[in-house]
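One structure below.
The values are calculated or read from the model by the stated rules, or taken from the named source; none is laboratory data. Computed from a predicted model, the values in this text were never measured in an experiment. Counting neighbours? That spans all protein chains shown, and the Cβs are built from the backbone with ideal geometry, glycine included.
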């Protein structure tokens, strides 16, 4: 994964997107550092953890459910407001870049920590499924690189050989399109952080 992110950082930088390249470089460095730290200090598995002590008294199921619904509603309203406000900024402007990079950094930092409650151990990944998804990612990366090198110049989009950026341009050209994409990005980030 670190190698893939380093390649993305390199090609983003040479195609005129130095901030994207820097962000990918930072995530690659963070993953490499995290892997190094974990190799020296392995995280204890579920069997190594101490059994929980006396459970704390919790509120009844109705009030817990009500609190969860209230928090979910607040998160939806805040996420919708964020998507609408940041989607109203022009593309590639500093306010849009700072808003997306700041929230993205926050999501990565929250998601990087150990889970609050241990999940089930599913064992090693199945080889066939991993190979299938790996093939899809490699094919997508190869198509993106081929399209990038078929353009008249690395910073000039060609719709005869579109990259992913070129394919998303019509959606991201309008404020509602940007707000919808930001909303989907927030939902994906929330889903990944919760896992």
Review point. Is it the case that residue 143 is at pLDDT 85 or above and closer than 30 Å to residue 83 by Cβ?
Key: yes
Review point. Residue 137: at pLDDT 85 or above, closer than 18 Å to residue 84 by Cα and assigned to a helix (DSSP H, G or I), yes or no?
Key: no
**Study point:** Qualifying positions in the stretch 22-33 - within 20 Å of residue 102 (Cβ to Cβ) and more than 15 Å from the chain's Cα centre (by Cα)
**Key:** 22, 29
**Study point:** Which numbered condition residue 131 misses (of (1) within 19 Å of residue 90 (Cα to Cα); (2) surrounded by 10 or more Cβ atoms within 10 Å (Cβ to Cβ); (3) free of Cβ contacts under 8 Å to residues at least 40 places away in the same chain)
**Key:** (1)
